[in-house]
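The structure appears right after this line, and notes come after that.
The values are calculated or read from the model by the stated rules, or taken from the named source; none is laboratory data. Because the structure is a prediction, the values reported are computed rather than measured. Cβ placement follows ideal geometry from the backbone for every residue including glycine, while neighbour counts extend to all protein chains displayed. With ligands, DNA and RNA removed, areas are computed over all heavy atoms of the protein, side chains included. Shrake-Rupley method; radii C 1.70, N 1.55, O 1.52, S 1.80 Å.
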Amino acid sequence: MLSPSQRPSVMPHAELPATPLIAAKARPLSGVARVPGDKSISHRALIMGALSVGETAISGLLEGDDVLRTAACMGALGATVERREGPKGATWRVWGRGIGGLVEPADVLDMGNSGTGARLIAGLLSAYPFLSVMTGDASLRRRPMDRIIQPLSQTGAAFHSRAGGKLPMAIRGTSMPMPLTYDSPVASAQVKSAVLLAGLHAPGRTTLTEPAASRDHTERMFKHFGVEVDAGPLKAGSSAYKVSIIGQPELSGRPIVVPGDPSSAAFPVVAALLVSGSEIVIENVGLNPLRTGLFDTLREMGASIETLNQRIEAGEPVADLKVKASVLKGVSVPAARAPSMIDEYPILAVAAACAEGETRMEGLAELRVKESDRLAAMVNGLVACGVDARADGDTMIVKGKGKPPKGNATIAVNLDHRIAMAFLVLGQVSDHPIGIDDASAIATSFPDFVVLMSKLGATLQTSADQ
Ligand code: S3P
């Protein structure tokens with residue numbers, strides 16, 4: 001468990017008071033910046049460290065609330081987790097207990113706002129014959145857990161959730177987890193990873209298929225630790241995906257370098273595209289091909305985004321992005337692209353609101369079960385800012401006029417960090433400022449958002465600054 005001196009000075013956001021924030025017209029954005037570590041990879045690095053024997057040293061870990069919850073959880077399950085400040089930033093060290101070595105937590109596991117933490121760790125806990133109880137904040141307690149309860153129950157574990165598969169939930173895992181063969185109905189890296197983490201504890205082969213490939217950080221991280229992983233298209237030419245792993249490997253700790261999060265980079269990137277005269281470089285951005293749908297779409301819209309210094313770090317492609325303000329036009333974004341940019345639709349909708357013409361974003365059913373119903377949040381928020389936006393089933397349609405909208409609205413963000421940041425970007429170009437009712441959720445994924453954006457030239461103010 002983290003001792004108080006080892007805990008970073010980041011308060012879990014659930015304990016922070018609501019902080020209204022207002023974005024007003026920015027001067028041209030310029031400069032070089034680094035966004036924090038990738039959230040998905042950070043969770044997985046801590047979990048794999050806890051399942052390995054010996055030391056896993058992690059650099060670039062995201063110190064956002066979501067990931068700090070996973071760190072605390074690994075401590076509660078018996079791993080030793082430490083943070084050390086160094087000349088090049090903090091390194092997190094995890095001394096794990098090996099596959100099968102975790103111990104019963106003494107208290108409820110509070111996953112805060114984090115769907116990824118909750119679902120991945122539930123996969124892990126299904127393979128331990130002890131009781132764990134998991135909860136989260138008001139947003140997480142609304143989100144569906146049945147998508148993992150259903151497959152994980154087939155390993156022999158017992159789950160007791162609130163009605164509708166909602167947290168809080170009690171898990172009594174099994175000492176002899178069965179290896180699964182599971183056809184997931186959704187392309188979800190959280191479902192896939194929950195099943196694979198359970199499978200790591202089961203004898204023999206665990207296999208999962210999904211209708212389209214979701215982000216493959218778990219598979220890459222497993223390979224990095226020497227797990228036998230077989231992954232690829234379900235059939236030649238098919239967009240469906242299949243992965244199988246061999247369970248009960250002996251894992252030993254190893255170094256992990258976490259790249260910058262492309263989902264966080266998305267906010268300064270779109271801000272620089274929209275604020276005329278801007279030119280910025282975001283260094284060290286993870287460019288896993290299953291995460292780059294937004295950058296592909298923005299380029300189709302006419303964005304100037306150059307990829308520099310491409311390299312591979314700890315099994316993940318990484319590069320610097322040079323972004324110049326650009327004139328954007330509306331495009332059609334096919335449903336098949338959704339898994340590779342599922343967290344980026346809020347900020348894409350902001351870009352679409354300023355582009356010339358209609359942008360159609362199809363296949364967005366999963367947006368309705370994120371930290372909030374993001375499809376409704378974006379449409380309602382954009383309409384309040386004077387944008388022509390609507391939902392048609394699972395499609396979002398935004399008609400831009402080739403110039404910024406009027407703004408002049410305050411958006412309720414409902415504990416959703418990406419909704420908060422998306423409207424703070426729109427406020428940097430709109431005719432009148434845009435406010436959000438509560439910026440505290442931003443700390444879940446991008447604790448330095450306000451500082452980083454302000455250094456690049458954004459005008460972000462609390463009501464006390466005015
Ligand atoms: C994540 C998977 C995605 C994504 C989330 C992070 C992960 O969720 O939206 O922010 O790290 O596995 P789904 O698995 O629900 O698509």
Discussion item. Which order do you get for ARG147, ARG254 if you rank them by accessible area with a 1.4 Å probe, largest at the top?
Written reply: ARG254, ARG147
Worksheet item: Once the principal axes of the Cα atoms of the chain are found, what is the range along each, listed largest first in whole angstroms?
Response: 61, 51, 46
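Just order 229-238, 114-123 by mean Cβ neighbour count inside 10 Å, highest at the front, would you?
Working: 229-238: 11.8, 114-123: 27.0.
My ranking of the peptides, most packed first, is 114-123, 229-238.
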Item to complete: Considering Cα pairs under 8 angstrom that are at least six residues apart, work out the relative contact order of the range 196-245 and quote it in whole percent.
Response: 44 percent
Discussion item. Suppose each label sits 7 Å from its Cα in the direction of the beta carbon; what would the THR91-ASP183 distance come out to in nanometres?
Written reply: 4.7 nm
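Where both partners of a DSSP beta bridge lie in the chain, what percent of those bridges are antiparallel, to the nearest 5?
Working: 66 of 87 bridges.
Here the antiparallel bridges make up roughly 75 percent for the chain.
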Discussion item. What whole-number distance in Å separates the alpha-carbon centres of the range 22-99 and the range 253-318?
Written reply: 19 Å
Practice prompt. Please tell me the relative contact order of the range 39-245 in percent, rounded to the nearest whole number, where contacts are Cα pairs under 8 Å and at least six residues apart.
Written response: 16 percent
Worksheet entry | Size of charge dipole - the range 139-211 - debye, nearest 20, with Cβ of Lys, Arg +1 and Asp, Glu -1, no other charges | 360 debye
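With every protein chain kept in the model, how would you rank ASP437, ASP65 by accessible area, 1.4 Å probe, largest at the top?
On the way: ASP437 65, ASP65 5 Å².
Ranked list, largest accessible area first: ASP437, ASP65.
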Worksheet item: Modelled label-to-label distance, VAL369 and GLU228, 7 Å Cα→beta-carbon offset: nm?
Response: 3.3 nm
Worksheet item: In nm, to one decimal, how far is the LEU131 label point from the VAL32 one, both placed 7 Å along Cα→Cβ?
Response: 5.6 nm
Worksheet entry | Sequence-distant lysines (8 or more away, or on other chains) whose Cα lies within less than 21 Å of LYS455 | LYS25, LYS88, LYS322, LYS324
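If the chain between ALA18 and VAL103 were fully stretched, how many nm would it gain, using 0.36 nm times the residue separation less the Cα-Cα distance? Don't skip to the answer; put the middle values down first.
Numbers: separation 85, 0.36 × 85 = 30.60 nm, distance 3.57 nm.
In short, 27.0 nm is gained.
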Item to complete: Under a cut-off of 21 Å between alpha-carbon atoms, report the lysines in cross-link reach of LYS242, not counting same-chain residues fewer than 8 places apart.
Response: LYS192, LYS223
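Give me the number: length gained by fully extending SER238 to GLN461, i.e. 0.36 nm times residue separation minus the C-alpha to C-alpha distance, one decimal in nm. If you can, show how the numbers build up before the last one.
Numbers: separation 223, 0.36 × 223 = 80.28 nm, distance 4.87 nm.
Separation in residues times 0.36 nm, less the Cα-Cα distance, equals 75.4 nm.
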